[in-house]
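Since the structure comes first, as structure tokens, the remarks are kept for the end.
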Amino acid sequence: MLQQEDIDRVIGMAWEDRAPFEAIEHQFGLTEQDVIELMRKNLKPNSWRLWRKRVQGRKTKHNAKRDESVARFKSSRQRSISANKISKRNS
């Protein structure tokens, strides 16, 4: 059972274009069908319809449909976090 904080994060990832369903499954153990059910239960009906229309067939939501050059779950521009502080760039 997911806590509300985790549900909120899954919803956020599901709305993001660059977060594939495989990343959600890797982090939270939810299959694409589980995410769809979670979204249906937690979104207002109109928001659900908008989200569903948005993700159906979207290449970026499925690793198998993505361009081969995109093989990561996070942006290459995202800095790493250590000890709860954003690491400073060596410039």
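The values are calculated or read from the model by the stated rules, or taken from the named source; none is laboratory data. Keep in mind that what you see is a predicted model, and the values were worked out from it rather than measured. Reconstructed Cβ throughout: ideal geometry from the backbone, glycine too, with neighbour counts over all protein chains shown.
Structure data summary
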item: Which listed residue is assigned to a helix (DSSP H, G or I), among the small types (Gly, Ala, Ser) and modelled with pLDDT under 90, from 64, 71, 14; result: 64
item: Identity of the residue in region 1-11, outside any helix (DSSP H, G or I) and of a type in the set (A, V, I, L, M, F, W, C), that ends up surrounded by the most Cβ atoms within 10 Å (Cβ to Cβ); result: 2
item: Members of region 34-49 found to be assigned to a helix (DSSP H, G or I), in contact (Cβ under 8 Å) with a residue 24 or more places away in the chain and out of contact with any Leu (no Cβ under 8 Å at 6 or more places or on another chain), listed by number; result: 35, 39, 42
item: Looking only at region 23-33, and only at residues there that are part of a helix (DSSP H, G or I) and either under 15 Å from residue 56 (Cα atoms) or not acidic (Asp, Glu) (or both), the one that is farthest from the chain's Cα centre (by Cα); result: 33
